[in-house]
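Report on the structure given below.
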Amino acid sequence: MTALAGTLGILRRVCTGFAGATGFTIVAMVLVAALFAPWIATADPDQLDVMNRFAKPSLAHWLGTDHLGRDLYSRLVHGATVAMSVALTSIAMALGLGTLLGILAAYLPARLERFVLIVFDVISSFPSMVLALAIVAVFGPSTLIVVVIVAITLTPHFGRVARAQVLTLKSAPFLEAERILGASFGRIVVHHVLPNILGPLVILASMDIPVVITIEAGLSFLGLGVRPPLASWGTLIQDGYQYLSDSWVPVVVSSLALALATLGFTLFGEALRDAVDPRLRRGR
């Protein structure tokens, strides 16, 4: 109950400002669409109806149809599922691996710590798209490849933050007391270090979601990400772009969905950071 009350209190602070409330509303809409896509969609997103291609918005097709006669609204809703699946899975992997490496780097001897930091620097030196091109050239495009690429590129991001947090915490008196009492390294990390550094990392993860959504859409637009017939927002934009002379609706609605999702998560992440940072709250 205490954790639930704390969470609700944070959400109330997030929604006190216009930007936070707007971001929370958009995030809630995207999550609802992602979770309940089979029930919210009005048609099978992969059902072809070539005789009804580029149909205008109607009661049967709320946003019209694409170049193969597929329902645009249904594909847009299922695109939210793809975007959130890739974003949450890759960020969870990067968060877990980055946190583990960051904690180890803070406790390892200086030489091994330097090696971990060099690995972080090497990974960070590759832009996501360049790394994606290299990996796809070897393994071929797939949703799993997108998840792995994003997770690898974000791991140093979380690792550096986790290391910095641990370095400021590991000399704290309560950790010294635990060590004197004979607590093992694993117990100290799991019961004391992780709970104290997880907050900033979760906030960082929420602010990285729009970045991952954009990366996934960009890779899918280039044909390096989600493979057809899955309805990624990136593939929807690409399909609409190829047939822009026939209809502008597909590219506009899919671009608006991508823009709104990234805007919503950006506003929500910034409001969440402000809500949990006591220094920022005092400055208001």
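The values are calculated or read from the model by the stated rules, or taken from the named source; none is laboratory data. Fair warning: this is a prediction, and the values are worked out from it, not measured in the lab. When we count neighbours, we look across all protein chains shown, and the Cβ atoms used for this are built from the backbone with ideal geometry, even at glycine. Accessible surface areas use protein heavy atoms only, side chains included; no ligands, DNA or RNA. Shrake-Rupley method; radii C 1.70, N 1.55, O 1.52, S 1.80 Å.
Annotations
- Column: log10 I(q)/I(0), Debye, Cα scatterers of the range 104-205, q = 0.13, 0.21 Å⁻¹: -0.60, -1.09
- Anisotropy class of the range 1-137 from Cα gyration tensor, a/c 1.5 cut: oblate
- Residue-count net charge about residue 91 - beta-carbon cut-off 15 Å; Lys, Arg +1, Asp, Glu -1: -2
- Charge tally in the Cβ shell below 15 Å around residue 159, where Lys, Arg are +1 and Asp, Glu are -1, residue 159 excluded: 0
- Think of it as helices only: each DSSP H run of n ≥ 4 in the chain is worth -39500 (n - 2.57), and spread over all residues that comes to -24500 deg cm²/dmol at 222 nm.
- Highest mean packing comes first when the peptides 104-111, 14-21, 75-82, 177-184 are listed by Cβ atoms within 10 Å, giving 75-82, 14-21, 104-111, 177-184.
- Whole-Hz ³J(HN,Hα) from phi, Karplus 6.51 cos²θ - 1.76 cosθ + 1.60, for the range 191-204, glycine and proline x: 8, 10, 6, 4, x, 8, 10, 6, x, x, 5, 5, 4, 4
- Over the chain - Rg/Rh using Cα atoms and the Kirkwood inverse-distance radius: 1.05
- Of all accessible heavy-atom area on the chain, the percent that carbon and sulfur account for (1.4 Å): 70
- Probe 1.4 Å, protein heavy atoms only - accessible area per residue of the chain in square angstrom: 52
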